[in-house]
Ligand SMILES: [Zn+2]
């Protein structure tokens, strides 16, 4: 087991997604290749990013200027510019947030003012990979 694994990997055969858990769920499990109910949002976000060459990505929260918690994705700082560029090509605007006591090599990217990252799964699937 690798040191940075935060969750158990489900065992899927290729893109054959088990959609039995998808009742009452409008997430595009079949398109994304992972079922939200089966895998959880952080697993899906992390996997989609890693497929594009990112080291790691985790659902995270930043803070707006008036102190509200807003969802975002925590990634490596040195991959942030590329991510923001890839997302801007898809029509999204990103800002970064640094946790006051956070790890210096990570930051949180807020997309379109705080869209839930899992709602952008299709865009993460489409975005340009890191070279
Ligand atoms: Zn599902």
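Key figures for this structure:
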{"quantity": "Residue 105 modelled with pLDDT under 95 and touching a helix residue (DSSP H, G or I) at 6+ places or on another chain (Cβ under 6 Å)", "calculated": "no"}
{"quantity": "Condition met for residue 91 (surrounded by fewer than 21 Cβ atoms within 10 Å (Cβ to Cβ) and at positive phi)", "calculated": "yes"}
{"quantity": "Residue 47 part of a helix (DSSP H, G or I), at pLDDT 95 or above and touching a helix residue (DSSP H, G or I) at 6+ places or on another chain (Cβ under 9 Å)", "calculated": "yes"}
{"quantity": "Where residue 21 falls short, out of the listed (1) within 16 Å of the ligand (Cβ to nearest atom); (2) outside any loop (DSSP other than H, G, I, E, B); (3) surrounded by 15 or more Cβ atoms within 10 Å (Cβ to Cβ)", "calculated": "(3)"}
{"quantity": "Subset of the stretch 28-44 (residues that are more than 7 Å from the ligand (Cβ to nearest atom) and in a loop (DSSP other than H, G, I, E, B))", "calculated": "28, 33, 34, 40"}
{"quantity": "Residue in the stretch 101-112 that is within 13 Å of residue 52 (Cβ to Cβ) and either without any contact (Cβ under 8 Å) to a residue 40 or more places away in the chain or surrounded by fewer than 18 Cβ atoms within 10 Å (Cβ to Cβ) (or both) present", "calculated": "no"}
{"quantity": "Hey, residue 56 away from the ligand (no atom under 16 Å from the Cβ), in a loop (DSSP other than H, G, I, E, B) and in contact with a helix residue (DSSP H, G or I) (Cβ under 7 Å, 6 or more places away or on another chain) or not", "calculated": "yes"}
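Let's see how each residue does on (1) surrounded by fewer than 17 Cβ atoms within 10 Å (Cβ to Cβ); (2) modelled with pLDDT under 95:
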| site | (1), (2) |
| --- | --- |
| 5 | yes, yes |
| 9 | yes, yes |
| 15 | yes, yes |
| 36 | no, yes |
| 41 | no, yes |
| 54 | no, no |
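The values are calculated or read from the model by the stated rules, or taken from the named source; none is laboratory data. Quantities reported herein were computed from a predicted structural model and do not represent experimental measurements. Backbone-built Cβ (ideal geometry, glycine too); neighbour counts: all protein chains shown.
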